[in-house]
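Participant: Just dropping this structure here.
The values are calculated or read from the model by the stated rules, or taken from the named source; none is laboratory data. Quantities reported herein were computed from a predicted structural model and do not represent experimental measurements. Counting neighbours? That spans all protein chains shown, and the Cβs are built from the backbone with ideal geometry, glycine included. Accessible surface is based on the protein model in full, side chains and every heavy atom, while ligands, DNA and RNA are left aside. Shrake-Rupley method; radii C 1.70, N 1.55, O 1.52, S 1.80 Å.
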Amino acid sequence: VLDAPRPPDTTEVTETPAGAVPEWQLARQQWAGGSFPGWNPSARCGAPVFANGREGMAYPPSTHLLMGFDPVDGLVLTTWLGFALASLLTLALLRRLGLGPGPAALGALVFALGGTLATNAPFYMRLHALAWLPGMLLAILRLADRDGRGRALPAAGLAVSVAGTLMAGFPP
């Protein structure tokens, strides 16, 4: 067996805990030091910290990782916030589609904790991007039902939902 030196860590964007936690910790250090989290000189040839699309540092439900919670523990809270958002938006969508409270609540629970969202739970940024889907569908349905100024609130809801998916992180 050769005792060759190991190559440096080359984590990829799909390895969330290995890649995201150090970025959040660096951003917290920079923030605590009085500067805006701008640049990570250790990421390959250097990379933006706050402005990268992967971690979603500008996404409001994730800002607690920058401001207070330790990223290791805070990622769990962030994941549960994603499940809660998905549940509430799905509940509203299913109620809008005419389902009763019980079936709508069951559908919301199944969407939030089943299949795609549960599979992407370790990737909090994917989970959050997917969680906005029922909000988009709800806003589109309400846009189709209304005319004139009555479309302003559904259009704002659609804009917030689209912004939520874009700000959540992990653009691919």
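Participant: Test Gly74 against the criterion of being within 10 Å of the chain's Cα centre (by Cα) and outside any loop (DSSP other than H, G, I, E, B), and give yes or no.
Facilitator: When the stated conditions are applied, Gly74 does not pass them.
Participant: Scan the range 25-37 residue by residue and report those that are in contact with a Pro (Cβ under 9 Å, 6 or more places away or on another chain) and over 24 Å from Gly164 (Cβ atoms).
Facilitator: Gln25, Leu26, Gln29, Gln30
Participant: Write out, first by first residue and then by second, each pair whose Cβ atoms fall under 8 Å of each other, whose residues are 6+ apart or on separate chains, and whose first residue, in the range 67-81, is farther than 23 Å from Ala112 by Cα while the second is among the hydrophobic types (A, V, I, L, M, F, W, C).
Facilitator: Correct list of pairs: Met67/Trp31; Phe69/Leu77.
Participant: Identify, by number, the condition in (1) in a loop (DSSP other than H, G, I, E, B); (2) on the phi < 0 side of the Ramachandran plot that Arg95 doesn't meet.
Facilitator: Result: Arg95 passes all but (1).
Participant: When the range 157-172 is examined, which residues are found to be part of a helix (DSSP H, G or I) and open to solvent by 50 Å² or more (accessible area, probe 1.4 Å)? Reasoning before the result, please.
Facilitator: Keep residues of the range 157-172 that are part of a helix (DSSP H, G or I), which gives 157-167.
The answer is Ala159, Val160, Val162, Leu166, Met167.
Participant: Which residue out of Leu113, Leu66 is in contact with a Phe, Trp or Tyr (Cβ under 7 Å, 6 or more places away or on another chain), within 23 Å of Val49 (Cα to Cα) and not aromatic (Phe, Trp, Tyr)?
Facilitator: Selected residue: Leu66, the only one of Leu113, Leu66 that is in contact with a Phe, Trp or Tyr (Cβ under 7 Å, 6 or more places away or on another chain), within 23 Å of Val49 (Cα to Cα) and not aromatic (Phe, Trp, Tyr).
Participant: Considering only residues of the range 98-120 that are crowded, with 16+ Cβ neighbours inside 10 Å and assigned to a loop (DSSP other than H, G, I, E, B), which is farthest from the chain's Cα centre (by Cα)?
Facilitator: Leu99
Participant: Could you tell me whether Gly135 is open to solvent by less than 30 Å² (accessible area, probe 1.4 Å) and not hydrophobic (A, V, I, L, M, F, W, C)?
Facilitator: Judged against the criteria, Gly135 is a match.
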